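The values are calculated or read from the model by the stated rules, or taken from the named source; none is laboratory data. Computed from a predicted structure; not experimentally measured. Cβ coordinates were reconstructed from backbone atoms using ideal geometry, including for glycine residues, and neighbour counts include every protein chain displayed. SASA here: full protein model, heavy atoms, side chains in, ligands and nucleic acids out. Shrake-Rupley method; radii C 1.70, N 1.55, O 1.52, S 1.80 Å.
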Amino acid sequence: MQSFLSPLASVPSQSTHQVPAMNTADNLRVTLGELLSRAYSHPCTTAAAMFLQLIQPMQRFQVALDALLPLLDVNTSAELAQRILVSFILYSLYAPHPIAINPFKSALFVTFVKERERAVSIAKDGGISPNEQLVWVLWKILKGDGNDIGPYTPITLAKTPLPPKLRASNLVLDNELYNSISDLDDSTYSYFQQLNSRTSASSDANETHKSITNGSDSFSRSPISIEEDRYNERLIHAAKLLLSAREKVLSLKDQQMVFPMLPDITASRIITSIDLAPIISLNPGMGDSICAALLQTASKDNDNLARFLDTLPFLLPTHQILDLYLRLLQDQTRINIPGFSTIADLVRMEVLGRFVHEAINWLDHAERDEIEGLVSDDRFAKGVFHLCRFYKKLIEVSIVDPTSDADSAEMAHFALRNSRFTDANHLYRMLARDRF
């Protein structure tokens, strides 16, 4: 395709300004390369904004055509995260408009088709293609849902495993929506012609049935039902809401959308142990459901289970978190972890003691900060009140044994040390009475 849209194309080949022009172009490529290399850890929207700020409006199309588009090629050596970022930038250049009039849509679609073919081929042999995430990103963009990708970093998108229903074999687009005479790249047409000729050659009923059964070339035929497609949309929306819960309190309406999808969301492992603490801290009412789903999902992955169990003890001992622990300690949901029959058993034996220990450490630090004048609130007094009430409740419902040193020695020492507070004094007397 001729680059007649480029301002550089009008410069005579023998012009004395050729060298400066090339130097400027080289500098731009270097700068663009640096941008692409350091933008992986930024949200896609931020990276796209950096590109728009770097490139002048009149140059953006040509730079995207010359420097970004080649990175979409299936034979490129570019990393997966870089190709995801490039896909989003090409989409974002025309994001205010429908994807149908994006001049790069045909190139994006051809990449989607080729990458999907490769992923499906690997899946047939029982493997998982490393490009599954790129196929999903391109599918989202071409469906017109590219904005859903914006909040996530390219690295996160590249490394996050997809749930089975969002694997490449289930992501289908109608090629007629993306094959237009106004498309950007003429090479697109030859590929479409090959695709169409293969489809028309299978007009025989048996061949058509075989093509559909194998999930090969008939990309306009969806292997999943409309109901499943709608469920996938709800699943993606719920996952996005749950990830946003790391930074904000979800409304009741949003929580109601997330709860039914928790098993599939946690099965995809999109929620990591790093996400767990901020989500629960801001949305403690969802904590027991999230923890239950994660623990059930992690039952077959000891490393993943260990990471979540290492996160729970470090939740701050606020009133809401203590209520969460009470719910978890009474949760009789069955799990498949050897040595434990229910979530309550697991939390009681593997988490509770560490949580109480870390809660006491946090309150000791809060007391020192208060003595040194570093804080002016009553977090220490409130913390003692809530932790002692919490422990008394554990004794009342027989979750901990007040006569056992392993269960209550540390808490008895804490209550004695803070016996100037009424609730700590009562707790110490209860523990001392039962012990002696």
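Details
- Per-residue SASA remark: R368, around 110 Å² accessible (1.4 Å probe; ligands, DNA and RNA not included).
- Accessible area ranking (1.4 Å probe, heavy atoms, ligands and nucleic acids excluded), largest first, for R83, R230, R379, R167: R230, R379, R167, R83.
- Per residue, the accessible area of segment 294-436 comes to 52 Å² when a 1.4 Å probe rolls over the protein heavy atoms.
- 5 angstrom amide H check on T342, placed H, neighbours 5+ away: I335
- You can think of it this way: the chain between R307 and E247 has 19.5 nm of extra reach, that is 0.36 nm per residue less the Cα-Cα gap.
- Greater than 25 Å apart at Cα, pairs in K248/K393; K124/K165; K140/K240; K114/K143: K248/K393
- Among the protein heavy atoms, those of K165 account for about 90 Å² of accessible surface (1.4 Å probe, every chain in place).
- Segment 227-399 - charge dipole about Cα centre, Lys and Arg +1 at Cβ, Asp and Glu -1, debye rounded to 20: 300
- A crude spin-label estimate for the pair I122 and I371, with each label 7 Å from Cα along the Cβ direction, gives 5.8 nm.
- Rounded if a/c under 1.5, otherwise prolate or oblate - segment 26-177, Cα gyration tensor axes: prolate
- Relative contact order of segment 227-318, pairs being alpha-carbon contacts under 8 Å that are 6 or more residues apart, as %: 30
- In the context of the full protein assembly, F385 retains an accessible surface of approximately 80 Å², using a probe radius of 1.4 Å and ignoring ligands and nucleic acids.
- Largest-first ordering by accessible area, 1.4 Å probe, given options M50, M286, M257: M257, M50, M286
- Tensor-based shape of segment 255-380 (alpha-carbon gyration tensor, a/c under 1.5 rounded, otherwise prolate or oblate): prolate
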